[in-house]
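The next block holds one structure in the form of structure tokens; read it before the comments.
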Amino acid sequence: MRRTEIGLVDIAREFLLADGALRELFARHRASTLRWEDVQRLVGDTEASVLFRLKERSHVLFRAGVSASELPRVALFDLAVGSLFHEAMKLRENVYQLEVYAPKVEAAQIDAEPGSEPLFEDFARILRVSRTRLEEALAETESLLEQTRRQFRVLLTTHSKSGLVTRYLLENASLAEEVLGEPLDILFESIHGSAGAGYAIAAYSYLESGYFDAGRRALAEALTRDPASAELRAAAAYAEGMDAWLRGDYEEAVRHLENWTRGPATAADTAFRELAFAAVSRLEQLVEGERGAALAERAHGLLRALAPESVA
């Protein structure tokens, strides 16, 4: 499951980058500033090409790395990506013909020997066809990009429980909003059912990975959108406590963790309790003096609340 999540993050990153690069390419063509180098960077058959990376990662994940129940919902994305890549390769070939090959033909014609006219007529015909095909390839690539963007949304909804993907969207909100054409809250609502749920999924993923400050900030966003949630408030207390612990503010850490243990239990509590227990059990070694003794006494009570047998 973790491997699939990482693969999904790779695909999300490459798609958002590819979408932006393709839209820039279309704009350059309309402004008559499109150059072969622009297309070469975007479309190729090596890892240097973002479309190649997207195609390869999509094929690897969706042709071998998903369950049978998920396959029908993601197969169209994989097919759309493959079609987008191959149409873009046609575009690449036609740009090459017109920008690199055509000047060579023109230069060769100046000093051409008599009798070579039929060959240059063929060259001229090839270039006329290339101009037509370039316009066709651009129109088809632009249409395919729009369809692939729609399937990307289906992909995100299919994997709405993926904390890593949700974190990536949160961390790259500006790019996601630009590509998908709506604010992150609206995007989260369409994927997760509510904006608060999206922030909460990201937050729990951060906490499970030990990124307590990021988890704390994501939970603050979730609570802004769902202030009545006792579960979110409890999780926020845990995040605040563990973040304070890492900063060496042990009194603040104990206070927040005490509040957390008084809140409602969640599915993630077992792992969270184990980590909090391991941290708090070291407190006596970290504090000194009369104030430290009082804090250690509070820590003993907190350890009793965190002990596995105290969990209903």
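No lab work stands behind these numbers, since they all come straight from the coordinates. This is a predicted model, so every value here is computed, not measured. Quick reminder, even Gly has a Cβ in these numbers, built from the backbone with ideal geometry, and neighbours come from all protein chains shown.
Among Pro227, Pro264, Pro114, determine the one that fluctuates most according to a GNM of the chain built with springs between C-alpha atoms less than 10 Å apart. Ranking Pro227, Pro264, Pro114 by mean-square fluctuation puts Pro114 first. Taking trypsin sites (Lys or Arg not before Pro) across the stretch 171-260, the ones in a DSSP loop with at most 16 further Cβ atoms lying within 10 angstrom of their Cβ are Arg247.
Please go through the stretch 231-268 and write out the GluC sites (Glu not before Pro) that DSSP classes as loop and that have at most 10 other C-beta atoms within 10 Å. Of the GluC sites (Glu not before Pro), not one in the loops of the stretch 231-268 has a Cβ with at most 10 other Cβ atoms within 10 Å. For the chain, the percent of C-alpha pairs falling in each 20 Å distance bin, counted from 0 to the bin holding the largest distance, reads 27, 38, 23, 9, 3, 0.
Only Cα pairs within less than 10 Å get springs; with that Gaussian network setup on the chain, which residue of Ser205, Ser174, Ser32 has the largest fluctuation? It is Ser32.
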